[in-house]
């Protein structure tokens, strides 16, 4: 459904000829019809019962709050800064909608589908997984453009991703006092603020690249050492 609606919109926005659109509708109808044939072939009554059970989920506007504030890896909460930064990047991509529509439209349609269908409480993180590639693409694209244009989006990246890595790579291993945390904040943000204030564009870009690759290395370490608490 999400994929179908996304492509319908993109077909329409690009003003493509009627024939490709008709072919797409025909193929999509065949795929959707095959799904119902599959249910009818094995057990139609059970198929309808499962549909009825799924339709009875307790849904509501709280689902959006859950998705935005409760990052889940399959069925366990994991407060990863990339998750929050990914959502921020998807919403930010809507500012320049025409430029980012190939990312923004599928992501927005799928987010609406999640709100439409997910229960407003519980751990259903596997349903969010298809949104992750769009988070990654939007984050990478906007971050690269922001570094090239010397914008302040790098600060949002360091707030979400950098602070999460301070917690997982430093605090969880060594502990963290208030003075240590303040020193780390100064070390991360002060050089960028100074470079921006004095309009040192090359230094600002070099520092942005440095912090980005440090966060990537940190993410590799976290991914390699992570054990899912199943």
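The values are calculated or read from the model by the stated rules, or taken from the named source; none is laboratory data. Predicted, not measured: the structure shown is a model, and the values here were computed from it. Note: ideal-geometry Cβ built from the backbone for every residue, glycine included; neighbour counts use all protein chains shown.
Here is the figure for segment 84-101: residues that are more than 17 Å from residue 153 (Cβ to Cβ) and in contact (Cβ under 8 Å) with a residue 24 or more places away in the chain total 1. Listed here are the helices (runs of 4 or more DSSP H) enclosed by segment 110-221 that have at least 3 residues being out of contact with any helix residue (DSSP H, G or I) (no Cβ under 6 Å at 6 or more places or on another chain), in the same structural domain as residue 77 (by TED's automatic domain parsing) and closer than 24 Å to residue 66 by Cβ: 132-148.
Scanning segment 126-146 for residues that are over 19 Å from residue 77 (Cβ atoms) and buried (at least 20 other Cβ atoms within 10 Å of the Cβ) yields a count of 5.
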